[in-house]
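For reference, the structure discussed in these notes is given below.
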Amino acid sequence: MTMWRSVSAVFRRDLRLAWAGGGAAAPLGFFAGATTLVPLAVGPDLKTLALIGPSLLWVTVALAALMILERLFQADLEDGSLDQLHLVDAPLEFIVAAKGAALWTAIGLPLALASLPAALALQTPPHATIAVAIGLLIGLAAFIGFGLFGAALAAGVRRGGVLIAILVLPFFAPPIIFGAAAASKAASEGLGAPGFLLLCGCALAGVALGPIGAAAALRQQTG
């Protein structure tokens, strides 16, 4: 099996597993519930909803992404799949990146689509909702990229969700800040807002560095 076949096989496997047990539905349900219930608690003041809307969307998406990180590598470590991944003819960094890409596809795309009606409910102008959804999709790439490292470090820890949160939340802060700023300016500046460009930089950093750090942590787990 060639290197790219190995990477593709891991991507398809993780994509299938993400939905097979309903695990991908949990963050989607959390996002839908939070973005529905918080406006009900805030009340009918449209100005208040428009003010808190961008921040609410981004914090909720970050927490939804955090939900699915705990079992990302832990299940592979427990059933021996992680040892097999070390034997395939592809660098472990590429394998980790494939797992992250599968997670982004299975979780990120549905969350971005769900953000369209959520943004409208939070008084985002209709013409700006697409820009908000694209920003969230890029932000999820940053969250998952940085999350790979935290998930790999905590793979050998039972109930390591709290540890993962402690490790990755500092890295989640910049995408949330820049993403919320870009979302608040989406109506007037669209995808050209400075916050959006900085968000893209965070995503590139997460996608580039996350698999490298995660692969190094996993080698220590199985070494």
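Data table
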| read-out | value |
| --- | --- |
| Spacing of the two label points (7 Å from each Cα toward its C-beta) at Ala208 and Leu51, in nm | 3.9 |
| Signed unit charges on C-beta, dipole axis of segment 1-113, positive-most listed residue Ala20, Ala101, Thr36 | Thr36 |
| Contour excess over end-to-end distance, with Cα ends at Ile130 and Leu197 and 0.36 nm allotted per residue | 22.5 nm |
| The chain - mean residue ellipticity at 222 nm from DSSP helices (-39,500 (n - 2.57) per run, n ≥ 4, rounded to 500) | -26500 deg cm²/dmol |
| Span from the segment 166-208 Cα centroid across to the segment 1-60 one, whole angstrom | 17 |
| Span-rule helices in the chain, defined as complete DSSP H runs reaching 24 Å or more along the axis (Cα) with Kyte mean at least 0.5 | 25-42, 46-67, 129-153, 161-184, 194-222 |
| Cβ-placed point charges (K, R +1; D, E -1), dipole of the chain about Cα centre in debye, nearest 20 | 120 |
| Positive minus negative residues near Gly161 (Lys, Arg vs Asp, Glu; Cβ under 15 Å) | +2 |
| Among 109-120, 35-46, the order from most to least packed when residues are scored by Cβ within 10 Å on average | 109-120, 35-46 |
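Bear in mind these aren't lab numbers, they're just calculated from the coordinates by the rules spelled out. Everything quoted here is computed from the prediction, not taken from an experiment. Note that we place each Cβ from the backbone using ideal geometry, even for glycine, and neighbour counts take in every protein chain shown.
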